[in-house]
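Structure first, then comments.
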Amino acid sequence: MKFFADTADTADIASLAATGLLDGVTTNPSLIAKSGRNFLDVIREIAALTPGPVSAEVVATDTTGMLREAEVLKKLGSNICIKLPLTLAGLTACKALSDEGTMTNVTLCFSANQALLAAKAGASFVSPFVGRLDDIGQEGMQLIADIRTIYDNYAFDTEILVASVRTPTHVLEAAKIGADVATMPPSVIRALAHHPLTDKGLAAFLDDWAKTGQTIA
Ligand code: E4P
């Protein structure tokens, strides 16, 4: 399973990239607004920090406008993935970009039928939002399972990029289903490494080691 960081915070991305565990980055207009920085500058910087796909989202709502914005975004790095909303206009733009070999991520996916359309449009990634479905009392992870079944039925190679991930449990469930990618806030990526028994065990080992008076050199 690939791990993407869902953030526009370049310091966080640099620190995660240094672990060697980061496979890519997703951003959205809200994350860019939160950064308080210039969109194009931030995306250019992120694209240089990671070799993996960096999703940069268009804000036009018509296909022509989306394709025009995609041309600008593509110039920011060879690893730019054009993120498009799951609307008919976005799917049309996705098909055109996919046909020319541009990486695409169709976002704001909330149903399996929408995911089916994204695959038919040739999307590199589809982003189903599990947390936002959970927020309205639906089972976000059931959507991931349904998309996995449908994509496997037809051997679609669009990757399932689980988005709106809020907890390590979301990551675990998505991995068990066989989702291709999870994009998460940096805090969730870091939380995956933590277990209280690891901390407790390490403290005990270090205490006992100190008693030996030895060093490893
Ligand atoms: C995905 O690409 C989105 O940026 C993101 O996962 C949305 O998450 P949220 O629902 O926590 O805002």
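FYI, it's all coordinate maths here, none of it is from the lab. From a predicted model like this one, the values you see are computed outputs, not experimental measurements. Counting neighbours? That spans all protein chains shown, and the Cβs are built from the backbone with ideal geometry, glycine included.
Counting neighbouring beta carbons within 10 Å and listing from fewest to most, the residues LYS74, LYS211 come out as LYS211, LYS74.
Given the Cα-Cα distance of THR61 and LYS75 and 0.36 nm per residue of separation, how much length would full extension add, in nm?
Result for the pair: 3.0 nm of gain on full extension.
Under Stokes-Einstein, with the Kirkwood radius over Cα pairs standing in for Rh, what whole-number D in µm²/s applies to the range 1-45 at 10 °C and 1.306 mPa s?
Details: Rh = 10.8 Å.
It comes out at roughly 147 µm²/s.
For a quick check: sort CYS81, CYS109, CYS94 by the number of other beta carbons within 10 angstrom, fewest at the front.
CYS109, CYS81, CYS94
Take every Cα pair under 8 Å whose residues are at least 6 apart in sequence, average their separation, divide by the length of the range 2-212, and the relative contact order is 16 percent. Students often get this wrong: which residues of the range 187-206 have the backbone nitrogen under 15 Å from the point 7 angstrom along Cα-to-C-beta of ARG37? No residue qualifies, since no backbone N sits under 15 Å from the label point. Relative to its residue count, the range 105-180 spans a Cα convex hull of 71 Å³ per residue. When the helices in the chain are scored as -39500 (n - 2.57) per DSSP H run of 4 or longer and the sum is shared across all residues, what 222 nm value do you end up with, to the nearest 500 deg cm²/dmol? Helix-only estimate at 222 nm: -15500 deg cm²/dmol.
Is the range 1-108 best put as rounded, prolate or oblate by its Cα gyration tensor, with a ≥ b ≥ c the root eigenvalues, rounded for a/c under 1.5, and otherwise prolate when a/b is larger than b/c, oblate when not?
Verdict is prolate for the range 1-108.
Restricting things to Cα coordinates, could you compute the convex hull volume per residue of the range 51-173 in Å³?
109
Once the chain from ASP208 to ARG190 is taken as fully extended at 0.36 nm per residue, the excess over their C-alpha distance is 3.8 nm.
Would you please name the GluC sites (Glu not before Pro) within the range 33-102 that are DSSP coil residues with at most 14 other C-beta atoms within 10 Å of their C-beta?
Sparse-neighbourhood loop GluC sites (Glu not before Pro): GLU100.
Simple point charges give the picture: +1 on the Cβ of Lys and Arg, -1 on the Cβ of Asp and Glu, and for the chain a dipole about the Cα centre of about 180 debye.
Over the chain, the Kirkwood radius and the radius of gyration, each from Cα atoms, give a ratio Rg/Rh of 1.06.
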